[in-house]
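First comes the structure, then the notes that go with it.
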């Protein structure tokens, strides 16, 4: 009777056993996947920063501040008919529309909704409710098409823009008719 080779077996959160060599190959695969994910995240943050550089509200930020803002930003896809925000909700996010169209509406006194404007690529919304803690959304924003947005939370928004001691006036009505003017005052 032949002697069986002595192999040390490892179990890794499954019913599959691994030899030490197979275990090392798995670590190499994990490391490669981690590197690929990091590269993908870095590329996303670079893209976010590129988009942000073209937003009037953010145009005065330093390169370092844009990096900080991009690092605290995520991409979100909103289906046609989905809401980015609803009137009356407490605001906690800032949105930049990368691709798509959204309508901004406000409830009127007769129980209907008044369309205030249409937002498109590189428009932004949600900054007003982030300036004052606990302020409610003054309008609803609904996707007219599948819409891709960059979304920044209140904490990141205030950390980056709150460190700026100046006020900024951005008049979006010059870009498109029926656009509202937005005023960003000092957050400090």
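The values are calculated or read from the model by the stated rules, or taken from the named source; none is laboratory data. Since this is a predicted model, take the numbers as computed values, not measurements. Cβ coordinates were reconstructed from backbone atoms using ideal geometry, including for glycine residues, and neighbour counts include every protein chain displayed.
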Any chance the stretch 127-148 includes a residue that's in a loop (DSSP other than H, G, I, E, B), in contact (Cβ under 8 Å) with a residue 40 or more places away in the chain and closer than 16 Å to residue 74 by Cβ?
no
Take the conditions at pLDDT 50 or above and surrounded by 14 or more Cβ atoms within 10 Å (Cβ to Cβ) and apply them to residue 184. Does it pass?
no
I need the full set of residues from the stretch 66-80 which are under 15 Å from residue 151 (Cβ atoms), more than 8 Å from the chain's Cα centre (by Cα) and buried (at least 17 other Cβ atoms within 10 Å of the Cβ), in order please.
69, 70, 78
Does residue 119 count as buried (at least 20 other Cβ atoms within 10 Å of the Cβ) and touching a helix residue (DSSP H, G or I) at 6+ places or on another chain (Cβ under 6 Å)?
no
Given (1) farther than 21 Å from residue 70 by Cα; (2) modelled with pLDDT of 90 or more; (3) surrounded by fewer than 18 Cβ atoms within 10 Å (Cβ to Cβ); (4) in contact with a strand residue (DSSP E or B) (Cβ under 6 Å, 6 or more places away or on another chain), index of the condition residue 171 fails
(2)
Could you list all residues from the stretch 128-156 that are crowded, with 20+ Cβ neighbours inside 10 Å and modelled with pLDDT under 90?
129, 130
